[in-house]
Amino acid sequence: MLIRAAVGDDAVQSPIAAAALRDAESIAVALPALCEFVWVLARWYKRDAKDIAASIRRLIESDTVRVDRPAVEAGLALLETGGDFADGIIAFEGARLGGAVFASFDADAVRRLTAGGKNALLLTTS
């Protein structure tokens with residue numbers, strides 16, 4: 001639904017999705033839904049990080065949209081520096097749950113989080 005409303009590429013579904021969002025009293029957007037939103041926009045629609053971040057910001061600035069704002073901002077912070085939105089959310093959630101170190105095999109994620117002042121560990125297979 002979020003994709004259809006944001007992209008507007010389906011003559012039937014896009015206006016229905018946009019109307020549903022516009023007319024809703026409250027819209028709860030779960031973190032996995034936003035992660036999927038980012039993935040689909042990047043992979044299928046070839047949108048760049050700047051456009052994706054702008055789409056998310058437009059969505060979350062609506063008075064009717066409810067999100068885990070601190071987690072979304074953490075995801076956006078990583079996305080806007082060229083990283084992965086989901087990695088930002090995962091690192092944030094881990095820290096919020098008491099994790100002291102973000103550990104991953106993803107060197108780019110570890111580098112970007114470390115550059116952002118987060119404690120991250122690159123796991124290696126050797």
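The values are calculated or read from the model by the stated rules, or taken from the named source; none is laboratory data. Given the structure is predicted, the values throughout are model-derived calculations rather than measurements. Using ideal geometry, Cβ is built from the backbone for each residue, glycine included, and neighbour counts are taken over all protein chains shown.
Odds and ends about this structure:
- Residues satisfying the stated conditions in the range 107-117, i.e. among the charged types (D, E, K, R) and either touching a Phe, Trp or Tyr at 6+ places or on another chain (Cβ under 8 Å) or surrounded by fewer than 17 Cβ atoms within 10 Å (Cβ to Cβ) (or both): D108, R111
- When we screen A17, A11 for residues that are surrounded by 12 or more Cβ atoms within 10 Å (Cβ to Cβ) and among the aliphatic types (A, V, I, L, M), the only hit is A17.
- When the residues of the range 36-77 are filtered to those that are aromatic (F, W, Y) and closer than 18 Å to I90 by Cα, the one that is surrounded by the fewest Cβ atoms within 10 Å (Cβ to Cβ) is W39.
- Failed condition for E25, given (1) touching a residue at least 24 places away in the same chain (Cβ under 8 Å); (2) farther than 29 Å from D108 by Cβ; (3) in a helix (DSSP H, G or I); (4) of a type outside the set (K, R): (3)
- Single unsatisfied condition, I16 versus (1) in a helix (DSSP H, G or I); (2) at pLDDT below 95; (3) more than 24 Å from G88 (Cβ to Cβ); (4) not aromatic (F, W, Y): (2)
- Evaluating A95 against the criteria (1) among the hydrophobic types (A, V, I, L, M, F, W, C); (2) in contact with a Leu (Cβ under 6 Å, 6 or more places away or on another chain); (3) free of Cβ contacts under 8 Å to residues at least 40 places away in the same chain leaves one unmet condition, (2).
- Looking across R66, R47, R43, R57, one residue alone is touching a strand residue (DSSP E or B) at 6+ places or on another chain (Cβ under 8 Å) and either more than 15 Å from L113 (Cα to Cα) or not aliphatic (A, V, I, L, M) (or both). It is R66.
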